[in-house]
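Reading through the structure tokens given below for one structure.
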Amino acid sequence: MILFAAATGLRPAEWIALEKRDIDRKERVVYVRRSFTRGELKIPKTEASTRAVPLQARALDALDRINSNRSPLLFPGERGGYLDIHHFRPYQWRPAQKSAGINPIRRVYDLRHTFATFALRAGISTFDLSRYMGASLTMIDRHYGHLARDGREHAIKLLDALNAPEFDPWTLVDARSTPKTPAGVTSENESDA
């Protein structure tokens, strides 16, 4: 469950509400359609929160480690219902971190930050990341923008590669398809001024 959360960037309330039917292994996506908060199942408030998130190999490996159960939930609680995050944090999450020597102790929500960090380091655009995480571009930039420090250097490398001697960048633009008159201007609507 923890590896899956870190590999997808879902909010804890979202991965708690996941059902097995939300996983599409063929398309390698998980569909986020609901969340479980304060003992209540909720439909996302915004259209951006209902989304398809790509499943990288680490997420699929984490799913392969799940023990089979009869619950429709992907990560059921001990009795088959929804996981109680308020019980999970102090009795499982924090002790596991202490035994692993993690200091300072991290929040469960920090798994979302882990995903954002790795995604930005992998070169995923902030635009795509905002769609996968169900967050605005402003929020991505505000919370994770500092992690994309190498963005400018990466852009320079991509542009220099495009201008490498083996490429003629000007052949990538087809000047023949450029209109001779400005778009939207015709002899009928051209001004006589």
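A residue that is at pLDDT below 95, of a type in the set (Gly, Ala, Ser) and more than 19 Å from the chain's Cα centre (by Cα) occurs somewhere in segment 24-40.
Does GLN97 fit the bill of being closer than 21 Å to PHE118 by Cα and either more than 16 Å from the chain's Cα centre (by Cα) or part of a loop (DSSP other than H, G, I, E, B) (or both)? In short, yes. The sole residue among LYS45, LYS26 that is within 19 Å of SER130 (Cβ to Cβ) and among the basic types (Lys, Arg) is LYS45. For segment 113-129, give me each residue that is in contact (Cβ under 8 Å) with a residue 12 or more places away in the chain, in contact with a helix residue (DSSP H, G or I) (Cβ under 7 Å, 6 or more places away or on another chain) and in a helix (DSSP H, G or I). If the condition is that a residue be in contact (Cβ under 8 Å) with a residue 12 or more places away in the chain, in contact with a helix residue (DSSP H, G or I) (Cβ under 7 Å, 6 or more places away or on another chain) and in a helix (DSSP H, G or I), then THR114, PHE115, ALA116, THR117, ALA119, LEU120, THR126, LEU129 are the ones that fit. Is it true that some residue in segment 106-120 is more than 16 Å from the chain's Cα centre (by Cα) and surrounded by 15 or more Cβ atoms within 10 Å (Cβ to Cβ)? There is at least one residue in segment 106-120 that is more than 16 Å from the chain's Cα centre (by Cα) and surrounded by 15 or more Cβ atoms within 10 Å (Cβ to Cβ).
The values are calculated or read from the model by the stated rules, or taken from the named source; none is laboratory data. Keep in mind that this is a model prediction, so the values were computed, not measured. All Cβ positions, even for glycine, are placed from backbone atoms using ideal geometry, and neighbour counts span all protein chains on display.
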